[in-house]
Amino acid sequence: LMQRDTLMGGAIMLSSYALILCSMPLVDNVSYIVALRQISIPLSIFAGSLLLGELQSKRRWLAGLTMLGGIFLLSFS
């Protein structure tokens, strides 16, 4: 069970990074891809908790929310 979860998490990470790399030559403005890459970090924390059932500590939630807040601050600056 644990090995399956590890393989599933690795496959999701690999596919999301491959999607980002494959999409870069297809767009005119690469900043959209960069924004997608940045938002994928907090989304992966939430997806790991909801889809994979990972136990989340308060520190991890705080770090994810801090990163998400930083991304919003950068996008509005």
Original post:
Span-like helices, the chain: DSSP H, alpha-carbon axial extent 27 Å or more, mean Kyte-Doolittle 0.0 or greater, which ones?
Top reply: 2-23, 31-50
Subject >> Of 49, 40, 57, the one that fluctuates the most in a GNM where the chain has Cα springs shorter than 10 Å >> reply: 57
Original post:
Of all accessible surface on the chain at a 1.4 Å probe, what whole percent is carbon and sulfur?
Top reply: 72 percent
**OP:** Could you point to the label whose value was computed as Rg/Rh (Cα atoms, Kirkwood Rh) for the structure here, given [x] 0.96; [y] 1.03; [z] 1.00?
**Re:** [y]
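For region 5-77, which chymotrypsin sites (Phe, Trp or Tyr not before Pro) are in a loop by DSSP, counting at most 12 other Cβ atoms within 10 Å? Intermediate values should be presented prior to the final figure.
Values: sites: 17, 32, 46, 61, 72, 76; in loops: 76.
Qualifying residues, ordered by number: 76.
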Original post:
With charges set only on the Cβ (+1 for Lys and Arg, -1 for Asp and Glu), what does the dipole of the chain come to about its Cα centre, in debye to the nearest 20?
Top reply: 260 debye
Original post:
In deg cm²/dmol and to the nearest 500, what is the mean residue ellipticity at 222 nm of the chain if only DSSP H runs of at least 4 residues count, each as -39500 (n - 2.57), divided by the residue total?
Top reply: -27000 deg cm²/dmol
Original post:
Ignoring ligands, DNA and RNA, what accessible area per residue does the chain give at 1.4 Å, in Å²?
Top reply: 82 Å²
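The values are calculated or read from the model by the stated rules, or taken from the named source; none is laboratory data. Worth saying up front: this structure is predicted, and the values here are computed from it rather than measured. Heads up, the Cβs are rebuilt from the backbone with ideal geometry, glycines too, and the neighbour counts pull from every protein chain shown. In case anyone asks, the SASA skips ligands and DNA or RNA and just uses the protein heavy atoms, side chains included. Shrake-Rupley method; radii C 1.70, N 1.55, O 1.52, S 1.80 Å.
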